[in-house]
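Enquirer: Supplied in C-alpha cells, the structure appears directly below.
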There are 2 protein chains.
Amino acid sequence: MVSPADPLSATFAALADPTRRAILGRLASGEASVTQLAAPFEMSMPAVSKHLKVLERAGLIARGREAQWRPCRLEAGPLKEAADWVEEYRCFWEQSFDRLDEHLRELKKKEKKHGRKHRKKWSRV
Amino acid sequence: MVSPADPLSATFAALADPTRRAILGRLASGEASVTQLAAPFEMSMPAVSKHLKVLERAGLIARGREAQWRPCRLEAGPLKEAADWVEEYRCFWEQSFDRLDEHLRELKKKEKKHGRKHRKKWSRV
C-alpha cells in the first residue's frame, strides 16, 4: 500500500483513520501503555496493536524498551513534514475565503439596492 | 476503506499517494484537463482517472461541466481542515527541535571542555 521510501505517504496513510488520530491525541497528553491506549475504544487488543504498528512504521510513535509496559510516545517529526506539505496550499484556502467574503459583500450590496427599490419586501429578504 | 462520514480520513487517505499529491501540485498552477494531468506520469488514463476520482470524492478537486474537456481544479477546503488538525501538534515538533538545539549546545560545551584539556586533539574533534 505505502512504500517505505515515501515517508510522507506513510504519514498521511497513518492519519487517515479516526482511531489512529485519537491515539495520537491521547499521546499528546503524555506517554501511555497499550492497555491505557486501548481503554477508550471498543476494540480488541490485537486491533489496537495493529493501529499502533501503522503509527510506529510511519514514525509517528515510538515505544519504550521497558520489558513490562512498553510505553508509547508521540513522535512529531513526520507531522511537521505533513504540515509543511499542506502549508504550501494555504494561499488557496485563504483565497477561497477571500472570494467567499467578496461574494457575501456583493450579495449584501444587491440586497441593500433591492431593499431601497422594494422597501416593503425588506422583511422577506 | 474510508467512511464518507469522516471527511478528514478521506482527505488524508487521498493525500497518501505521491501521484495524487503531484496532481494537486499541478492544479495549484491552474485548471487542467485529464489528458494534461496524465502527461507527466507513465500511467494509463484509467489509472489517472482512478486517482482523480479519489481526489474528487475527498473534495480536493472539482471538475467542470463542459462536455468536451472537463477541466479539473483544486478545491482547498479539505486541505485547510487537514492543516488545522496537524497544527494542533505544532508545539510538539517545535519542542523536539528545541530539545535538539539544547542537545547540540550541550555537545558543543562538552567539545569545548574536551578541547581545553586535550588541545592537540582539537582538529580531530
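Enquirer: Is there a simple number for the mean count of other chain Cβ atoms within 10 Å of the Cβ of residues in B:21-30, and what is it?
Expert: 2
Enquirer: Can you compute 3J(HN,Hα) from phi for each residue in segment B:11-24, using the Karplus curve 6.51 cos²θ - 1.76 cosθ + 1.60 with θ = phi - 60°, rounded to whole Hz and x for Gly and Pro?
Expert: 5, 4, 5, 5, 7, 7, 8, x, 5, 5, 5, 5, 4, 4
Enquirer: Based on the mean of other Cβ atoms within 10 Å per residue, sort peptides B:38-49, A:23-34 so the most packed one is first.
Expert: Highest to lowest by the protection proxy: A:23-34, B:38-49.
Enquirer: Could you name the residue in chain A with the C-beta closest to the rotation axis that superposes chain A on chain B, along with the separation in whole Å?
Expert: Here the nearest residue and distance are A:Phe12, 2.
Enquirer: Still on this model: Across peptide B:8-16, what mean number of C-beta atoms from other chains lies inside 10 Å of a residue's C-beta?
Expert: If you average over the peptide's residues, the count of other-chain Cβ atoms is 6.
Enquirer: Something else: Quick one: with label points 7 Å out along Cα→Cβ, list the inter-copy distances for B:Met43 in nm, shortest first?
Expert: Reported distances to equivalent positions: 2.9 nm.
Enquirer: Still on this model: Using a label point 7 Å beyond Cα on the Cα-Cβ vector, give me the inter-copy distances for B:Arg57 in nanometres, one decimal, shortest first.
Expert: 2.1
Enquirer: Give me, ordered by chain and number, the residues 5 or more places off B:Ala32 or on other chains with an amide H under 5 Å from its own placed amide H.
Expert: Hits under the 5 Å cutoff: B:Cys72.
Enquirer: Counting Lys and Arg as +1 and Asp and Glu as -1, each charge on the Cβ, what is the dipole of segment A:1-100 about the Cα centre in debye, to the nearest 20?
Expert: Computed about the Cα centre, the dipole is about 440 debye.
Enquirer: Mind checking which aspartates and glutamates have their C-alpha under 18 Å from B:Lys112, skipping anything on the same chain fewer than 8 residues away?
Expert: In chain and number order, the partners are B:Asp101, B:Glu102.
Enquirer: Rg (Å, one decimal) plus Dmax (Å, integer) for the alpha carbons of segment B:10-65?
Expert: Rg and Dmax of segment B:10-65, Cα atoms, are 10.3, 28 Å.
Enquirer: Please report, for A:Gly25, the nm distances (one decimal) from its label point, 7 Å out from Cα along the beta-carbon direction, to the equivalent points in the remaining copies, shortest first.
Expert: Values, ascending and in nm: 3.2.
Enquirer: Apply the Karplus curve 6.51 cos²θ - 1.76 cosθ + 1.60, θ = phi - 60°, to the phi angles in segment B:25-42 and return the couplings in whole Hz, x for Gly and Pro.
Expert: Ordered by residue, 3J(HN,Hα) equals x, 5, 5, 5, 9, x, 4, 8, 7, 4, 4, 4, 5, 6, 3, x, 9, 7 Hz.
The numbers here are math on the coordinates, done by the rules we state, and not lab data. This one's a predicted model, so the numbers in the text were calculated from it and none came from an experiment. Cβ: placed from backbone, ideal geometry, glycine included. Neighbour counts: every protein chain shown.
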